[in-house]
């Protein structure tokens with residue numbers, strides 16, 4: 001069974017909400033290539049990062065990607081979920097307090113039968 005696709009209507013504002021990070025020695029141990037263009041990252045280059053999975057991409061590559069997708073190009077996690085608070089995706093459901101239902105009435109017990117031994 002396939003995963004539910006991300007809502008593409010959310011993708012238009014995603015590119016402006018992704019955090020930018022500078023490519024440094026620490027990031028170099030995890031990622032060295034942009035999986036969109038397959039180009040190498042340069043030290044001190046500004047990249048966009050997907051908050052939920054921490055994958056990084058060239059800014060222009062990610063902008064082009066998000067023009068028609070709303071998932072991480074590498075692992076396909078939904079970028080919208082990591083960027084937009086869950087309350088924006090689904091409005092909160094109001095909680096209505098109700099009293100607990102009354103206990104079920106007990107069914108009448110069957111009459112006791114006595115076995116008479118002869």
Just for region 19-42: of the residues that are surrounded by fewer than 14 Cβ atoms within 10 Å (Cβ to Cβ), assigned to a loop (DSSP other than H, G, I, E, B) and at pLDDT below 95, which one is farthest from the chain's Cα centre (by Cα)? 24
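Taking the condition of being within 20 Å of residue 45 (Cβ to Cβ) and at pLDDT below 60, how many residues in region 59-98 meet it? Show your work before the answer.
Within region 59-98, the subset within 20 Å of residue 45 (Cβ to Cβ) is 59-66, 72-74.
When the remaining residues are screened for being at pLDDT below 60, the result is none.
Here the count works out to 0.
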With criteria (1) part of a helix (DSSP H, G or I); (2) touching a strand residue (DSSP E or B) at 6+ places or on another chain (Cβ under 8 Å); (3) more than 18 Å from residue 77 (Cβ to Cβ), residue 65 comes up short on (3)
Within region 68-82, restricting to residues that are in a loop (DSSP other than H, G, I, E, B) and out of contact with any helix residue (DSSP H, G or I) (no Cβ under 8 Å at 6 or more places or on another chain), the one that is nearest to residue 37 (Cα to Cα) is 74
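The values are calculated or read from the model by the stated rules, or taken from the named source; none is laboratory data. What you see is a predicted model, and the numbers here were worked out from it, not measured in a lab. A quick note on method: Cβ atoms are made from the backbone with ideal geometry, for glycine too, and the neighbour counts reach across all protein chains shown.
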